[in-house]
Amino acid sequence: MATAAKTLGFIPRPTAQTGFWSWVATVDHKRIGILYGVTGFLFFLVGGLEAWVMRLQLARPGLEVVTARTFNALFTMHATTMIFLGVMPLLAAFMNYLLPLLIGARDVAFPRLNAFSYWIYLFGAIFINIGWLKGTAGGDVPDIGWFGYANLTSVEFSGGLGTDIWTLGLLLLGLGTLVSAFNFIVTILNMRAPGMSLMKMPIFVWTVLVTSALIIFAFPSVTVALIMLMFDRAFAANFFEVAAGGSVVFYQHLFWTFGHPEVYILILPAMGIVSEVLPVHARKMLFGYSVMVFSTALIGFMGFTVWSHHMFTVGMGPVVNSIFALTTMAIAVPTGVKIFNWISTMWGGQVRFTTAMLFAIGFIASFTIGGLSGFMHAAAPSNTQQHDTYFVVAHFHYVLIGGSVFALFSGIHHWFPKVFGRLLDERLGRWSFWLIFTGFHTFAFPFHFLGLMGMPRRIYTYAPGLGWELWNLVSTIGVFVLAAGVLTFIANVVVTMRRPADAPADPWDGRTLEWTIPSPPPVYNFATLPVVYLRDAFWFHKYPEGKEKALDFGSPQTGPIHLPGPSLMPILLALGPTVAAAGVLFIRMRLSYAVPVIVAGFVITLLAIWGWAFEGEGGALIEPGEGD
Amino acid sequence: MGMWTRQRGARRGLALLLAGGLLAGCSTLPQTPLDPKGPVAQTQTGLLLYTLYIAVGIGIFVTAALLYVVFRFRARPGQTGVPLQIRGNHLLEIVWTVIPILILVSVAFPTVEAAFSTATPPEGALTVRAVGYRWWFAFEYPELGIVTANELRIPAGQPVRLELTSNDVIHSFWVPKLAGKTDMVPGRVNIAWIQADEPDVYLGQCAEFCGDSHANMRFLVKALPQAEFDEWVRQRQAMAEGPRDLSPAAARGRELFESTAGNCFACHAVDGTKAQGAVGPNLTDVGQRSTLAAGILENDYENLKAWVKDPAAFKPGTTMPSHARLSEQDLDAIVQYLQSLK
């Protein structure tokens, strides 16, 4: 079975198929997807807990549930957690698990790199939260806002370790994200099933492709900004030090050149999920597929032309403000097209109100509101009245919860039977949807009012008499309802997982390749590689229109399938940069062993690369029907 | 400003109904940008409401369409067969590409117009240099030789040219009823302008996160009738010679203020005295101010005393030290001195 060739690697490739170490060493995209999903969901709960404490503090004027500094740490870590540790990894879970299934492949292009992305995400996520152990009082939890504007991030104004932890943590997280992006692009371009031309790919795959491109172009910008910030803090460089000729506005440009595409990194795959769920549960083809593809690509490109709309108040002057106002407005066009195409997808269909579908419909309704407030923000002169108020807070909670998170819940209910072989309970599902839907709107819609009443964001307290009391209280109540919905969802998962795994291969009458294989899929995914002739091939295979062939299951497999072998090198390689980052942190702590720790990090990295290169092919040959 | 700000009253009424008027019995919103009281805010709010109506209109249309489609085409029991698989419709897709473009063009023109019309202060405007500090505002009138803090007095009906900068981190100058935000950026000077059409007190607040007490960085703009403003300028300029006619207790307070006993002079300035510190707010006219600690406390005897004694209790992170070491009498003396500065 296993190829036991002698290798130059210093740790042999593990062979365990089950148990703890099999998960640590796994390179199976499905297992990595599950790891991303579980970890991302746990951090989603952490971020939610942080939000809950903030809403308690703001329920009434002048409350002292937490200190000012703790509150500032909470909103910084809430955003950082939700964006980088919650929603992005949850989206990555879908990408990892589904991408090979949707394109008819047996894994991603680089399985070990895929594992590396997960482990460095996990280490970065722990790293960035490490300051909580010391508490917020000394500034050791990041409390600089999620975009960490210079020069508040200087040692002079943020003397604790929080900013260093934040900077280094984000650098680690960015590394994993970049590697994933390359991995997905190569997978999509090279590993599609025979016959699946680009324009026959499921739309979700398109959104992953565009998102990955966005990551590759956007993350270097923030990486530069963060490294400059790290140098400013650890080595007294003066990139953002005004007195030494640095520029604080420069940081903002670098950050938002990343930051705006990042918003699309969070929403495009979510749109992809909804674009897969709607056709299945309405039993109708996605309306205007090619326009949807083009809109996705266009939103991706245009995402790089609008960054300064986050900076309309910074003093760029009317010419620059006007230009960025117009480019921002332009993005509304492809976004609007998508919304109308989603609605048209359901037109003439048979809409089944499954939980997955309810969340998808909730997505359209809620995301539209977020999109419209986004359109309002484009008007630079009136933006100066909305900027940094709760109106903006309303906007991004509508696109991130009403958008990304609703899409994630939709996708979870849709693909849960595929992943775990069990259908989530629909009754509990409907309860969780309605609680989450009403809780979310009760919690976030009042932010529109508060913003228009002049409440700035990021304030830990407010005075009575400004008219903000009622809607703050309503919002806090909404959080409790939203939390009840999330708990109902968790209960649903727990109850469902205790049932036998008896989900059929195709419970929803699906349209794409993942529904052609058993639930859960065997370790090799496809016993025989499918040949695709049409978009929605599985659907037209089941419901042919005319004589056109839709899908073939290829030639019968001859001989066993080779599966990539597990490896411990990915986790070791992820450990290296993490140790080096800790060393940089130790420089700021003036610890004598800081430099040796950095060196140790590099040594671990080099060792891991050595082991990676020379640990041998490994892997197993497996007969279809055997194993898993 | 043009047509986009006309019919403000009606639009504002509707907007308040949509946005804030829902809340029962809360007709006064002292910090809302939807109640603009000067030309800059009126232009901005006009545009804001125009985009708000479009957004609400589209939102209602899309929601209605969504609900209609979802219920009209819901799966029914006994349904057989599969729906017709429609791939798309070019005409429809062109329609819902072109219509949004037309709507956006209708927004683009007033947007650019307003961006330019609100950018440059009118000629002959009074200049105020506003400097952000953690966590208070300094206001200097270079043409009048006046320096004050946290309360900006301006003549009603007159444009005021603002030179905005910061002494430490980025802050943002925002008086919602008079103008949208302009950031106060260290190392550069941003120009903005405000004008209050009517004499009144307008609330302002820092709108860029600036650390611990960002929430406690507020200020007031007091728009006075021109004659009153001129009178204030005269009176305020006269105060440059230092405080006069101090009561014995206040005189004792001044001694403490200006000696290492109180050590106030190390950070604060009082014009015409030995105290010329430049770290904290200029206190020459602190007795005139209606609020303390950058708009977070009412300026009365008890609050002032409590503030001096333990500022961090009100403003976490403040660099102003505790004065709990001073005796009650000394604190009282200092407070009496401060209250006499008007």
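The values are calculated or read from the model by the stated rules, or taken from the named source; none is laboratory data. All of these numbers come straight from a predicted model, not from anything done at the bench. No Cβ is skipped: glycine too gets one built from the backbone with ideal geometry, and neighbour counts run over all protein chains shown. Note: accessible area is taken over every heavy atom of the protein model, side chains too, but ligands, DNA and RNA are not part of it. Shrake-Rupley method; radii C 1.70, N 1.55, O 1.52, S 1.80 Å.
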For A:K30, the lysines lying under 30 Å Cα to Cα, once residues fewer than eight places off in the same chain are dropped, come out as A:K6, A:K200, A:K284, A:K338, A:K418, A:K542, A:K549
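Looking only at other chains, what is the average number of their beta-carbon atoms within 10 angstrom of each beta-carbon in B:87-94?
Numbers: counts 8, 11, 6, 3, 0, 6, 10, 2.
What the average comes to for B:87-94 is 6.
To the nearest hundred square angstrom, how large is the accessible surface buried between A and B, total for both chains, probe 1.4 angstrom? Walk me through the numbers before you get to the answer.
Values: alone 24300 and 17990 Å², together 34830 Å².
About 7500 Å² of accessible surface is lost on pairing.
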With a ≥ b ≥ c from the Cα gyration tensor eigenvalues, square-rooted, and the rule rounded for a/c under 1.5, otherwise prolate when a/b > b/c and oblate otherwise, segment A:350-504 is prolate
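What net charge is computed for the residues neighbouring A:W347, neighbours being all others with C-beta under 9 Å from the C-beta of A:W347, Lys and Arg scored +1, Asp and Glu -1? Please report the intermediate quantities before stating the final value.
Values: positive: A:K284, B:R72; negative: none.
Local charge sum for A:W347: +2.
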Per residue of A:387-395, other chain Cβ atoms within 10 Å number on average 3
Highest mean packing first, using Cβ neighbours within 10 angstrom, the peptides B:317-330, B:77-90, A:324-337, A:62-75 sort as A:324-337, A:62-75, B:317-330, B:77-90
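Per-residue counts of other Cβ atoms within 10 Å, averaged by peptide: what ranking do you get for B:96-104, A:294-302, highest first?
Numbers: B:96-104: 16.1, A:294-302: 19.4.
Ranking, from highest mean packing down: A:294-302, B:96-104.
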From the Cα centre of segment B:137-184 to that of segment B:68-96, the distance in Å is 57
Between B:T28 and B:L144, the two model label points (7 Å from Cα along the beta-carbon direction) sit apart by a distance in nm of 2.6
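Can you tell me how segment B:168-270 classifies by the Cα gyration tensor, rounded, prolate or oblate, using a/c under 1.5 as the rounded cut? All intermediate terms of the calculation are to be shown ahead of the outcome.
Values: a/c = 2.54, a/b = 1.37, b/c = 1.85.
The shape class here is oblate.
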On the formula 1/(1 + (r/R0)^6), with r taken between the Cβ atoms of A:F353 and B:T97 and R0 of 45 Å, the FRET efficiency rounded to 0.05 is 0.90
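Which of the helices in chain A meet the span-like rule: DSSP H, Cα axial reach of 15 Å or more, Kyte-Doolittle mean at least 1.6? Show your work: numbers first, answer last.
Values: long enough: A:29-58 (42 Å, 0.95); A:68-80 (18 Å, 0.26); A:88-103 (21 Å, 1.84); A:111-128 (26 Å, 1.04); A:162-190 (42 Å, 1.49); A:203-235 (46 Å, 1.97); A:248-282 (50 Å, 1.06); A:289-302 (19 Å, 1.71); A:318-346 (43 Å, 1.16); A:355-378 (34 Å, 1.48); A:406-420 (20 Å, 0.77); A:426-452 (39 Å, 0.57); A:469-497 (43 Å, 1.77); A:569-588 (30 Å, 1.76); A:594-614 (30 Å, 2.18).
Long hydrophobic helices here: A:88-103, A:203-235, A:289-302, A:469-497, A:569-588, A:594-614.
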Filtered hits (aspartates and glutamates, Cα-Cα < 16 Å from B:K274, offset >= 8 within chain) -> B:E241, B:E255, B:E258, B:D285
Under the rule rounded for a/c under 1.5, else prolate if a/b exceeds b/c, else oblate, using alpha carbon gyration tensor axes a ≥ b ≥ c, segment A:469-584 is classed as oblate
Projected onto the charge dipole of segment B:126-238 (unit charges on the beta-carbon of Lys, Arg, Asp and Glu, signs +1, +1, -1, -1), the Cα from B:Y133, B:F219, B:T182 with the largest positive-side position is that of B:Y133
At the level of C-alpha centres, the distance separating segment A:388-451 and segment A:538-597, in angstrom, is 28
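Can you give the mean number of other chain Cβ atoms that lie within 10 Å of the Cβ atoms in peptide A:366-377? Intermediate results must be reported in sequence, preceding the final value.
On the way: counts 0, 0, 7, 5, 0, 4, 9, 4, 1, 8, 10, 1.
That average works out to 4.
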For chain A, dividing by residue count, accessible area per residue (probe 1.4 Å) in Å² works out to 33
At R0 = 35 Å the Cβ-Cβ FRET efficiency linking A:I11 and A:A236, nearest 0.05, sits at 0.30
Hydrophobic long helices for chain B, i.e. whole DSSP H runs reaching 24 angstrom or more by Cα along the axis with Kyte-Doolittle mean at least -1.0, come out as B:39-72, B:90-117
In nm, the gap between the two label points placed 7 Å beyond Cα toward Cβ at B:V189 and A:V65 is 4.5
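If each DSSP helix of 4+ residues adds -39,500 (n - 2.57) and the sum is divided by the residues in the protein assembly as shown, what number results at 222 nm, nearest 500 deg cm²/dmol? Let's see the in-between values first.
Numbers: 26 runs with 498 residues, N = 970.
Counting only the DSSP helices, I get -17500 deg cm²/dmol.
Could you sort the peptides A:481-488, A:123-130 by per-residue average Cβ neighbour count (10 Å cutoff), highest mean leading? Don't skip to the answer; put the middle values down first.
Numbers: A:481-488: 19.0, A:123-130: 21.1.
In descending order of packing, they fall as A:123-130, A:481-488.
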The size of the Cβ-based charge dipole (Lys, Arg +1; Asp, Glu -1) of chain A about the Cα centre, to the nearest 20 debye, is 520
To the nearest Å², the heavy-atom accessible area per residue of chain B with 1.4 Å probe amounts to 42
For segment A:481-584 the GluC sites (Glu not before Pro) that pass both the DSSP coil test and the at-most-16 other-Cβ-within-10 Å test are A:E545, A:E548
Buried by partner chains in segment A:121-165 (accessible area down by at least 50 Å² vs chain alone, 1.4 Å probe, heavy atoms, protein only) are A:L152, A:F157
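So if we plug the beta-carbon distance of A:I477 and B:Y68 into 1/(1 + (r/R0)^6) with R0 = 35 Å, what FRET efficiency do we get, rounded to 0.05?
Values: r = 31 Å, r/R0 = 0.88.
According to the calculation, E is roughly 0.70.
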Of the accessible area of segment A:350-504, computed with a 1.4 Å probe and all protein chains kept, carbon and sulfur make up a percent value of 75
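Suppose we keep just the DSSP beta bridges with both residues in chain B; what percent of those would be antiparallel, to 5?
Values: 27 of 40 bridges.
Antiparallel: roughly 70 percent of the beta bridges in chain B.
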Taking the dipole of segment B:248-339 about the Cα centre (Lys, Arg +1; Asp, Glu -1; charges at Cβ), the one of B:A313, B:A294, B:Q276 that reaches farthest to the positive side is B:Q276
